[in-house]
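As structure tokens, the structure follows; a few thoughts come after it.
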Amino acid sequence: MWGLVRTLEDDVRSLEDDDRAASAFLWLGGAGIITWFATAALADALLPATSLASLLAVVFGVVGWRAARQGVPREASTVIGVVLALILALVWLFLVLALVAKVF
């Protein structure tokens, strides 16, 4: 657990560069959109839960991208972005398991 917290701290510090932060937030928004479509195609039972996570990822991705482009301080949005990325990773784990369950 402590290693995960340290990794998150390092990730947040590495996003202090505006260009890297802008591309990371843009990636987060795109990942939210792709996750929603993948959930609709593979596991529609998870759609209500993942819709909220995907919507938050898109909103924070766009807001964080714009803030990074303008050079506005964004420490809180960076932490939220990292947490949303972890949530999307968990959703993808469930999607992979749903795909495996459909195949076998």
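The values are calculated or read from the model by the stated rules, or taken from the named source; none is laboratory data. Fair warning: this is a prediction, and the values are worked out from it, not measured in the lab. Quick note on the areas: whole protein, heavy atoms, side chains included, nothing else; ligands and nucleic acids left out. Shrake-Rupley method; radii C 1.70, N 1.55, O 1.52, S 1.80 Å.
Table for the structure above
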read-out: For the range 33-104: accessible area per residue (Å², 1.4 Å); value: 63 Å²
read-out: Against the rule of thumb 2.2 N^0.38 Å, how large the Cα Rg of the range 18-69 comes out; value: 1.21
read-out: The range 35-100 - convex hull of the alpha-carbon atoms, volume per residue in Å³; value: 66 Å³
